[in-house]
Amino acid sequence: MKALKISKGLLLGLALLLATSAFAANKGSLKVDEPVNVNGKQLTAGDYKVSWEGNGPSVELHIMQGKNVVATVPAKMVDLPRAASDDGAVVNTNGDGSRTLSQIRFSGKKYALAIGGDTASADMNK
């Protein structure tokens with residue numbers, strides 16, 4: 001009986017640890033060097049935290065500055081051919097000169113969060 005109680009406690013602790021680890025994996029950092037548009041909102045240059053809900057491929061991305069959510073946008077998790085070497089933002093320059101955030105990459109991760117349409121012609125902005 002005592003072994004069964006220890007096993008249940010161990011199992012509960014392990015489940016809690018895994019849940020915490022999974023939640024922590026859905027967070028990252030974003031640095032914007034120049035103003036960019038995200039879902040109709042402009043982000044000023046600066047440091048942001050990002051978090052997302054869902055395990056993909058479709059997720060809901062929240063962009064926060066401090067404790068304030070400044071933008072919420074649907075995103076897709078996309079596989080990268082190799083892990084990103086740095087955190088980075090992929091930004092498209094529009095015909096009118098404005099810039100739109102199209103992808104967020106995370107250091108050491110083989111996935112990125114794609115926002116909006118095509119990112120094939122995007123420039124890397126770190």
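At a glance:
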{"read-out": "Among (1) part of a loop (DSSP other than H, G, I, E, B); (2) surrounded by 15 or more Cβ atoms within 10 Å (Cβ to Cβ), the one test that residue 95 misses", "value": "(2)"}
{"read-out": "Residues (part of a strand (DSSP E or B) and closer than 15 Å to residue 50 by Cβ) located in segment 98-121", "value": "101, 102, 103, 104, 105, 107, 111, 112, 113, 114"}
{"read-out": "Strands (runs of 3 or more DSSP E) wholly inside segment 23-73 that include at least 1 residues being without any contact (Cβ under 8 Å) to a residue 60 or more places away in the chain and over 20 Å from residue 94 (Cα atoms)", "value": "27-32, 46-53, 58-65"}
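Just so you know, all these numbers are worked out from the coordinates, no wet-lab data involved. Please read these numbers as outputs of a predicted model, since none were measured by experiment. For neighbour counting, all protein chains shown are included, and Cβ atoms are generated from backbone atoms with ideal geometry for every residue, glycine included.
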